[in-house]
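Presented below is the structure to which this report refers.
Each value in this text was obtained by applying a stated rule to the coordinates, not by laboratory testing. Owing to the predicted nature of the structure, the values given are computational and were not obtained by experimental measurement. Ideal geometry is used to build each Cβ from the backbone, glycine not excepted, and the neighbour counts take in all protein chains shown.
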Amino acid sequence: MQKSHFSLSLLVSLLAAIVLVTLNADIVRSVSVDLAHHYALTFRIAETWQLVPNDPTLGEMNYYPRLSHMVAAIAGTLFGSPFVGLQVVTLASLALMWAACFAVFYTLPVRAALPAAAVLAGLVWLNQRYLGFDLHGAEITGNYFFSQLFAQALCMLAIAFAIRLDARKPRPYVYGFLVLANYVVMQAHLLPALELLGVLVGLVALDNLRFAGPPRKRAELAALSLATLAAAFYSVVLSPAFTAMRQISENNGRLVLQHLDGPYGLILLCLAGLAAALVLLFCWLRDAGHHPAFKFMALYGGAVSALCLLQAFLLRFHLGSEYAVKKYAFGISSFVLVALALLAGSLLGRLWKARAGDLAIPAPLSAAAVAAALSISFLYCAPVLKLADASDIAALERQLLTLRDTTLLPPVEGKTDMVIDIGRQSDVVNYMFAIGIIHVPRAIAGPDMLLGYKLGPFEQYRTIISSRDGSRYSGRNCATSETGPLMTIDAACLKKAVIAASVCKQTLDFAARGDLESSMLSGFSVAEQSGRWTDSHKATLTCTADKPFTRATLVAAPFLAGGHPRQRVLFSVNGGKPVQHEFTAPSDGTPIVLPLPPMTPGEQMVFTIDLPDAVSPQQLGIGADGRQLGVTVLTLSFE
């Protein structure tokens, strides 16, 4: 009889995972706010290894389960960068998640395991190529569910080892292992811990229902089962992490799922997961329980699907959030593919045995199959869009740390430092470093960095940290020091410079050659050679009157295309009656004149450009530009 290649598959998967993580370590797949919050907790752990209660820079991360962040902090210490540590642990979790699925297959005879691995890799590829359902791996693309993916990998690894124990050790060992694994998973994330708890509950129920021994043995099993379930529920439901995660689950974030955002899509997926679980359980019962992989995967799929349905039911009573319900989709979609692969592998293994008997499959072939299947699953489990280079972010991290430790003065009560416009990175990366490295309270950094991406009231700042090149706040003669590509700016000096530059002077040039203060603008794209495109249905410019001007003239050129023949512009000031102009033909610059109300020197003027016809070239199918283009503004002048 053929043996399984379980140990070999684990070893090869580990080696393949190291290679995959190394080759993909520079690809940052998400720059969501979650990345910043997970980084801040990781950095704080690596920085002090002892968190201060109610740290204002951490928010809900003060009571978030910390196992995954502790592992990332340890990795960050080894690599000399908490961000690199977070990146490596994230990718390693993804690799181990799929490696655990192949380890489940390789608890079977290799004649079934090898085709199951090949089928799963093929299904993962086909899904990305033609279907697009969100599998494990999509948790860190767009959104950044770092802890959930980490805990999910631990959950699947625990199931793979439990399958091995089920066939080799008495029942108390299996129960004890799952209780311990459940406690560990709970220290990282609630959702996979509940899934593993569901597997344990199902296993205990199945064992008791199928037990055919004498009454005394039945009573012993019942007592063991009650003790096991009590320990398991205590390790999860009564854990402080359970309460914390339940509170967090009430927050309804944004999670878009392919094909499942309709009212019934996720419910149908749950039903498909339950159906696949029942088929696996039937196959296990039909084979007289010879292959526990079918049993455990049936229990896992049933648990994930049932928990999702339960969460959806509770949502009707305003318990939890739609966000929390949707998070089960990654596991259910992945389980359905794993179940199909397991069934196909079993069938092909039977055909192999019927034709070739117990002809041994060489270990090198088995190892190559695992490595190839893991590589395909890792690379094609989710569309990968490189949003940033991890090496660039890590370099900025080191430069910021050097600047902080050598230049910044000790904290002053009521004042904070701020990070903005560093290294041409996104607003989330600036926010991440602000709350992580510079210890800016989230109550300040959130509104400033994430809502408007501009500095708030200057009175709350002491020092601004920015790039020497490409920053909105360089060139103001307010720099106090320079460290590599970064500089520090005195906030009081910058306030005066910005006020001086924010005057409604005779002509404001929107082109790259102009000296327009970017913080005066909202709803605009970057400055180009001739002007700035509006990038919204509404754009504003705010400036301070210093003379009693009587009219303003906006010079603009429209965005028009074959399928978009007109562009309306409504130009107003301080919420007053707008002047309307309609573009129906291309223009190199058309003046739109707006009479101004009486102005008092020092009065703030807010000029608004409403663009009801703004549209992106991407929406029109004429390019990849996703900006909502209305007009390109050349100048705004006053008379």
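Tabulated data for the structure shown
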quantity	calculated
Approximate spin-label separation Arg216-Val606, in nm, with each point projected 7 Å along Cα-to-Cβ	8.4
Descending principal axes extents, region 16-147, alpha-carbon based, whole Å	54, 29, 26
Around Arg210: net Lys/Arg minus Asp/Glu count, Cβ-Cβ under 15 Å	+2
Nonlocal amide H pairs with Ala388, under 5 Å, H built at 1.01 Å	Val28
Of the DSSP H helices in the chain, those whose Cα atoms cover at least 27 Å axially and whose Kyte score averages 1.0 or more	82-105, 146-168, 190-210, 265-286, 292-315, 329-356
Proximal charge balance of Phe146 [Cβ under 9 Å; K/R count +1, D/E count -1]	-2
Table column - 3J(HN,Hα) (Hz), region 130-137, Karplus curve with 6.51, -1.76, 1.60, x for Gly and Pro	10, 9, x, 5, 7, 9, 4, x
Over region 336-471, relative contact order from alpha-carbon pairs under 8 Å, at least 6 apart, %	22
Positive minus negative residues near Ala382 (Lys, Arg vs Asp, Glu; Cβ under 10 Å)	-1
Of Lys547/Lys577; Lys386/Lys454; Lys415/Lys495, those spanning more than 20 Å from alpha-carbon to alpha-carbon	Lys547/Lys577; Lys386/Lys454
Segment Arg424-Asp389, length gained on full extension (0.36 nm per residue, minus Cα span)	11.4 nm
Percentage relative contact order, the chain, counting C-alpha pairs under 8 Å, at least six apart	15
Full-stretch length increase - Glu639, Asp625 - with 0.36 nm per residue and alpha-carbon distance subtracted	1.4 nm
Length-normalised contact order of region 94-380 in % [C-alpha pairs under 8 Å, at least 6 apart]	33
Added length on full extension, which subtracts the Cα-Cα distance from 0.36 nm per residue, Asp207 to Leu226	5.6 nm
Modelled FRET efficiency - R0 51 Å, Asp588 with Thr483, Cβ distances, 0.05 increments	0.70
Förster radius 51 Å - calculated FRET efficiency between Thr544 and Thr406, Cβ distance, rounded to 0.05	0.85
FRET efficiency, Thr243 to Leu310 (Cβ-Cβ, R0 22 Å, nearest 0.05)	0.75
